[in-house]
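Q: Structure below; questions to follow.
The values are calculated or read from the model by the stated rules, or taken from the named source; none is laboratory data. Everything quoted here is computed from the prediction, not taken from an experiment. Cβ: placed from backbone, ideal geometry, glycine included. Neighbour counts: every protein chain shown. Just so you know, the surface numbers come from the protein's heavy atoms only, side chains and all, with ligands and any DNA or RNA stripped out. Shrake-Rupley method; radii C 1.70, N 1.55, O 1.52, S 1.80 Å.
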Protein chains: 2
Amino acid sequence: MSSLLYTIEPIGAVHSALKRLEDAPMQGDEGAPEAWLELAPQTVQGLTGIKPGDELIVLTWLHLAQRDVLQVHPRGDPNRPLTGVFATRSPDRPNPIGLHRVSVLEVTENMLRVTPLEAIDGTPIIDIKPALAGNPSDR
Amino acid sequence: MSSLLYTIEPIGAVHSALKRLEDAPMQGDEGAPEAWLELAPQTVQGLTGIKPGDELIVLTWLHLAQRDVLQVHPRGDPNRPLTGVFATRSPDRPNPIGLHRVSVLEVTENMLRVTPLEAIDGTPIIDIKPALAGNPSDR
């Protein structure tokens, strides 16, 4: 088992009306608002080809999460049994990466307006990928 | 825009019959084999609750990727126009995180046998999440 560490440099940040964790829904499809994704100047070239209507997977670094948690009660419900974090979408986990499926509403030179996004204002963005269509030749 | 860096510590590694990048399909659903995911001793507790039949999203660190690439010809086809890496699934990108949807075939104390997985032998695993069902109350 490798014990190497790797370094993540955020490619941008979320701008959202959601300012506090306690205001954020648990998942995007539970009433999350639209948000702007601002790309850092050195990564803007990576947006070429993204257009309104695209379906993307946004990867974020959940910077307020606890990284020493391995088991949780799902959705914070004490009546549910302790479950491994890898069997849940808990933000608390060794590498707190958020996965968010969004639709693109608007594209500017260095920003994307997307919906829905449950990540709060200031959350670092670490990667963006297209949601895969069914046909590999269309990828 | 924050310029903080974050550190990823792999939670485990892939064991696969795919030993070389040139043998790996571009996506799991393009003929990838099954593979074993071995968890590091300090993260094994996070597997509690995962069982055969579960659908998971495995996040890997594509350790052989180039991190200074921002535009590529999709699927390596020079006839396709240069496209931003965030509009493609290219492994070459600033933070080379792989996303793989797999089914669980077998669970041991510290390993999961899953299929299909296009990541090569030795690829670091950085997170595992359940693929979300449609009904939030089931999450």
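Q: Can you pull out the residues in the stretch A:19-35 that are open to solvent by less than 30 Å² (accessible area, probe 1.4 Å), assigned to a loop (DSSP other than H, G, I, E, B) and hydrophobic (A, V, I, L, M, F, W, C)?
A: Those that are open to solvent by less than 30 Å² (accessible area, probe 1.4 Å), assigned to a loop (DSSP other than H, G, I, E, B) and hydrophobic (A, V, I, L, M, F, W, C): A:24, A:32.
Q: Same structure again: Step by step: first the residues of the stretch A:1-60, then only those that are more than 7 Å from chain B (Cβ to nearest Cβ) and among the hydroxyl-bearing types (Ser, Thr, Tyr), then the one that is farthest from residue B:125 (Cα to Cα). Which residue is that?
A: It comes out as A:16.
Q: Moving on. In the stretch B:113-128, which residue that is farther than 22 Å from residue A:91 by Cα and open to solvent by less than 10 Å² (accessible area, probe 1.4 Å) is nearest to the other protein chains (Cβ to nearest Cβ)? I'd like the intermediate steps shown before the answer.
A: Just the residues of the stretch B:113-128 that are farther than 22 Å from residue A:91 by Cα, to begin with: B:113-123.
If we keep only those that are open to solvent by less than 10 Å² (accessible area, probe 1.4 Å) as well, we get B:114, B:117, B:119, B:123.
Details: B:114: 12, B:117: 15, B:119: 14, B:123: 10 Å.
That would be B:123.
Q: Here is a follow-up. Is it the case that the stretch B:81-93 has a residue that's in a loop (DSSP other than H, G, I, E, B), β-branched (Val, Ile, Thr) and without any contact (Cβ under 8 Å) to a residue 60 or more places away in the chain? Lay out the reasoning, then the answer.
A: If we filter the stretch B:81-93 for residues that are in a loop (DSSP other than H, G, I, E, B), which is where we start, we get B:81-82, B:88-93.
Adding the requirement that they be β-branched (Val, Ile, Thr) leaves B:88.
From what is left, the residues that are without any contact (Cβ under 8 Å) to a residue 60 or more places away in the chain are B:88.
Looking for residues that are in a loop (DSSP other than H, G, I, E, B), β-branched (Val, Ile, Thr) and without any contact (Cβ under 8 Å) to a residue 60 or more places away in the chain, one finds at least one in the stretch B:81-93, hence yes.
Q: Continuing with the same structure: Being without any contact (Cβ under 8 Å) to a residue 60 or more places away in the chain, away from chain A (no Cβ under 12 Å) and either open to solvent by 50 Å² or more (accessible area, probe 1.4 Å) or in a loop (DSSP other than H, G, I, E, B) (or both) is the filter here; which residues of the stretch B:94-112 pass it?
A: Residues of the stretch B:94-112 without any contact (Cβ under 8 Å) to a residue 60 or more places away in the chain: B:94-99, B:103-104, B:106, B:108.
Filter once more, so that each one left must be away from chain A (no Cβ under 12 Å): B:103, B:106, B:108.
Within the stretch B:94-112, B:106, B:108 meet the criteria.
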